[in-house]
């Protein structure tokens, strides 16, 4: 895994370099692979309190057309939630950190769900007034404590106890921004990207991935396999083609690429 180096979000020099590098891309020859939360849209108070600007939807639609359909969302969210956020768009998507996949015109393919009892055990940490929120995706459960950072250690212990209570179920913990997600092992955005890159119209193109979190590391690591480029948001890592300071700068770069 590449070393992550925190940078000042106001680092205008790094951001301008990223904008310049991104502007040199040709939508007709690349495959755009885009994380959502913290990359395309700003992190909200909770996963259910976020804003998707209409201009972003227009930009993605235009880039989808200019790239011949080689644009995909690569998110931890389920694809059904991505469709709601980006309605009326139904873009090719990798959902659930690689647990789901949908290409243009295809049905959603997804892995098996975790047992109901285990998911209920995990969700039991969400008590009234705690400020903790959850996403039950079936194949995983995410516990969010953005509104209740004081509960981080309690949630960490609860997740460990839940996994210990179901020793026959093979799981792993994916940490994120104020979040713990319990999921089946071996599922990651890197493998999701690899599946996408084997399919038309993505195959044979240079992938360009943008992400903002440790959950994106597997996708960053997959880029050299295809001679691709990786852009980060808010942090630098070895091998990055550029670093955007914030999601609004990513949206600006995409608008410029779409000539909107």
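The values are calculated or read from the model by the stated rules, or taken from the named source; none is laboratory data. The structure presented is a predicted model; accordingly, all values stated were derived computationally and were not measured. So basically every Cβ, Gly included, is an ideal-geometry build from the backbone, and we count neighbours across all protein chains shown.
Of the numbered criteria (1) on the phi < 0 side of the Ramachandran plot; (2) surrounded by fewer than 16 Cβ atoms within 10 Å (Cβ to Cβ); (3) not in a helix (DSSP H, G or I), the one residue 150 fails is (3). Cβ separations smaller than 6 Å between residues 6+ apart or across chains give the following pairs from segment 11-26 residues that are within 17 Å of residue 228 (Cα to Cα) to residues that are surrounded by fewer than 17 Cβ atoms within 10 Å (Cβ to Cβ): 23/256. Identify all residues within segment 39-59 that are surrounded by fewer than 22 Cβ atoms within 10 Å (Cβ to Cβ) and touching a strand residue (DSSP E or B) at 6+ places or on another chain (Cβ under 9 Å); write none if there are none. 43, 44, 46, 47, 48, 50, 51, 52, 53, 56, listed by residue number. Of all residues in segment 82-123, those being on the phi > 0 side of the Ramachandran plot and more than 14 Å from the chain's Cα centre (by Cα) number 1. The set of residues in segment 66-77 being touching a strand residue (DSSP E or B) at 6+ places or on another chain (Cβ under 9 Å) and modelled with pLDDT of 95 or more consists of 67, 70, 71, 72, 73, 74, 75.
Annotation for segment 196-207: at least one member residue is in contact with a strand residue (DSSP E or B) (Cβ under 9 Å, 6 or more places away or on another chain) and in a helix (DSSP H, G or I).
Residue count for segment 184-242 satisfying the condition of being surrounded by fewer than 17 Cβ atoms within 10 Å (Cβ to Cβ) and without any contact (Cβ under 8 Å) to a residue 24 or more places away in the chain: 8. The condition (being without any contact (Cβ under 8 Å) to a residue 12 or more places away in the chain and more than 10 Å from residue 78 (Cα to Cα)) is satisfied by just one residue among 128, 115, 92: 128.
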